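Peer 1: First, the structure itself, so that you have it in front of you.
Bear in mind that the values in this text are calculations on the coordinates, not laboratory data. Given the structure is predicted, the values throughout are model-derived calculations rather than measurements. Neighbour counts are summed over all protein chains in view; Cβ atoms, including those assigned to glycine, are modelled from backbone coordinates with ideal geometry.
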């Protein structure tokens, strides 16, 4: 018996020395032991008591939200709509009492735990909302930059900015210009224009722009006033299938510095295409104003061949769109064949 006691003492001494060596390695203090999480048996299934009480608290929170929403739902909405100022405070007080009683009955979830859980949920919501707003702002900035890219490039001094970036049709066709064909715009006259200045008459000129064409202007007609005869033409490339490009026509007044808008109109590609006339023959083509040929049916400035277009805010402009027979390459909506090249 004494021998067994002596061997047990030797083992205890040996374990004490080993424990001392281990404590020296971990810092010299005995590590604290955490008790196992309490469990509750629910219908034969063991689960953590904390999880069960959190589930109970979540159910009470859903019940509280439902009570707050009942006055706004049918069929209670009709009878509670005129008494919300009485019913809503009562529901609020009842909800706070319900939450307080629930927290008092729970053993492992306290008010502090609920408070910090609420703060964590609010923090997650705020951070997620911030990230969504930053992403939405970046997307909005990209959309605005793409929408106003032409004006931004014009402000930076880039000539014909639409050719720098291009549209989807240009990227899809590898910047091929075969879809364009030449047309000629004849500007006969303008009527019914408002006056820009009270002390002098309008010095009129017309500005035309469309797609990749360079900005084109007529000469300035001094003292043109409210009505002016231009009798000028300009040629440009045109694609009647391009639904995004607008044919911009502006009547402007020449100022001492720069110019001011008087009236303008935007035409779609199909509007221009419907008014395009066949190309002129050699006998119909005249130089300058061609006043002598205006009286005949085949004259360039025959008034029956011009279309009056209402301007915004007031006035009318008489235009004529004509196909151009290109000697190097004949193409377009009515040609359908390729001509000889030099």
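Peer 1: How big is the equivalent ellipsoid of segment 111-162 along its three axes, where each semi-axis is √(5λ) from the Cα gyration tensor, reported in whole Å from largest to smallest?
Peer 2: Values: eigenvalues 431, 9, 4 Å².
They are 46, 7, 4 Å, listed from largest to smallest.
Peer 1: Still on this model: What percent do you get for the relative contact order of segment 39-119 when only Cα pairs under 8 Å and 6+ apart count? The partial results should precede the final answer.
Peer 2: Numbers: 42 pairs, mean separation 23.4, N = 81.
That works out to 29 percent.
Peer 1: I've got another one for you. Quick check on packing: order 258-270, 138-150 by the mean number of other C-beta atoms within 10 Å, highest mean leading. All intermediate terms of the calculation are to be shown ahead of the outcome.
Peer 2: Working: 258-270: 15.2, 138-150: 10.8.
Taking the mean over residues of other Cβ atoms within 10 Å, the ranking is 258-270, 138-150.
Peer 1: While we're on this one: If you count, for each residue, the other Cβ atoms within 10 Å and average over each peptide, how do 90-98, 181-189 line up from highest to lowest?
Peer 2: Going by the mean number of other Cβ atoms within 10 Å, highest first, we get 181-189, 90-98.
Peer 1: Could you work out the percent of alpha carbon pairs in segment 39-119 separated by over 17 Å, rounded to a whole number? It would help to have the intermediate numbers written out before the result.
Peer 2: Values: 1835 of 3240 pairs.
Of the Cα pairs, 57 percent sit more than 17 Å apart.
Peer 1: Here's a follow-up. By average Cβ neighbour count within 10 Å, what is the ranking of 221-227, 78-84, 199-205 from highest down?
Peer 2: Numbers: 221-227: 15.0, 78-84: 11.1, 199-205: 17.4.
Highest mean packing first, the order is 199-205, 221-227, 78-84.
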